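A short worksheet on the structure shown next.
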Amino acid sequence: MDLCSAVQFLENKTILVSGATGFLAKVFVEKVLRIQPNIKRLYLLMRAADVNSAHQRLHKEVLGKELFSVLRGILGSNIDSFFHEKVIPVPGDISCENLGIQDITLRAEIWKNTNIVINCAATTNFDERYDVAFAINTMGALNVLNFAKLCPAVKMLLHVSTAYVCGEGTGHIMEEPFCMGKSLNGTTGMDWHGVTRAQGANVAVYNVEHEVAPNCHSPNVE
């Protein structure tokens, strides 16, 4: 998809972005708002205790950054009303079921309206405890997928990950869209118990199921 067709595709679309306070997500949000101001809405999922805290993080850690100076120059005095109309902060946590979105009305609204889901949430600490990394980077991605399946108008799910997920292929590994059920190794589904056995992490799975998810608290994730 070239730039022109991508811009056209985004027109009047509603996008859910996880990890919204992270570097890549902020760059994505700024560019979308700048090149396609006719986007319908951006739901920005971020860890926060409540809606007020989410609003504070949004303005302090995202919209208030120098990154958005070009957009402020373009819109001038209309910038605040533009942000208010287009950008909705959502308190949540991808390591939890339904992305930790506690507001039932807001959750239903997101399910109904979302056309595109962008998952940028992750822990990038290579020394992270296994159970924490598994809850965020593995189960979190699964939770995002399951959430996207409940969005009847969804057109695209984009998962942002590190280069290390590409396996052990050689030569140039080209970027390509994956249809549901397609994988790098040609298999379908995932053997969760096999994964945990391979990592010697049976105890970690217990921690994920009984500690991380119920508390909806995952450190080092945007």
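The values are calculated or read from the model by the stated rules, or taken from the named source; none is laboratory data. This one's a predicted model, so the numbers in the text were calculated from it and none came from an experiment. Every residue, glycine as well, gets a Cβ built from its backbone with ideal geometry; the counts of neighbours run over all protein chains shown.
From the list R34, R57, R107, the lone residue that is in contact (Cβ under 8 Å) with a residue 24 or more places away in the chain, closer than 27 Å to N146 by Cα and of a type in the set (K, R) is R57. In the condition set (1) without any contact (Cβ under 8 Å) to a residue 24 or more places away in the chain; (2) touching a Ser or Thr at 6+ places or on another chain (Cβ under 8 Å); (3) surrounded by fewer than 21 Cβ atoms within 10 Å (Cβ to Cβ), V154 is compliant with all but (1). Contact annotation: residue pairs with Cβ atoms under 7 Å, 6 or more positions apart or on different chains, pairing a residue in the stretch 172-183 that is over 21 Å from K149 (Cα atoms) with a partner that is modelled with pLDDT under 75 and of a type outside the set (S, T, Y), are I173/C166. Residue count for the stretch 84-105 under the criterion of being aliphatic (A, V, I, L, M) and closer than 21 Å to N12 by Cβ: the result is 3. Restricted to the stretch 1-31, and to residues there that are assigned to a loop (DSSP other than H, G, I, E, B) and of a type in the set (S, T, N, Q), the residue that is surrounded by the most Cβ atoms within 10 Å (Cβ to Cβ) is T21. Scanning the stretch 93-112 for residues that are within 16 Å of the chain's Cα centre (by Cα) and at negative phi yields D93, I94, S95, C96, E97, I101, R107, I110, W111.
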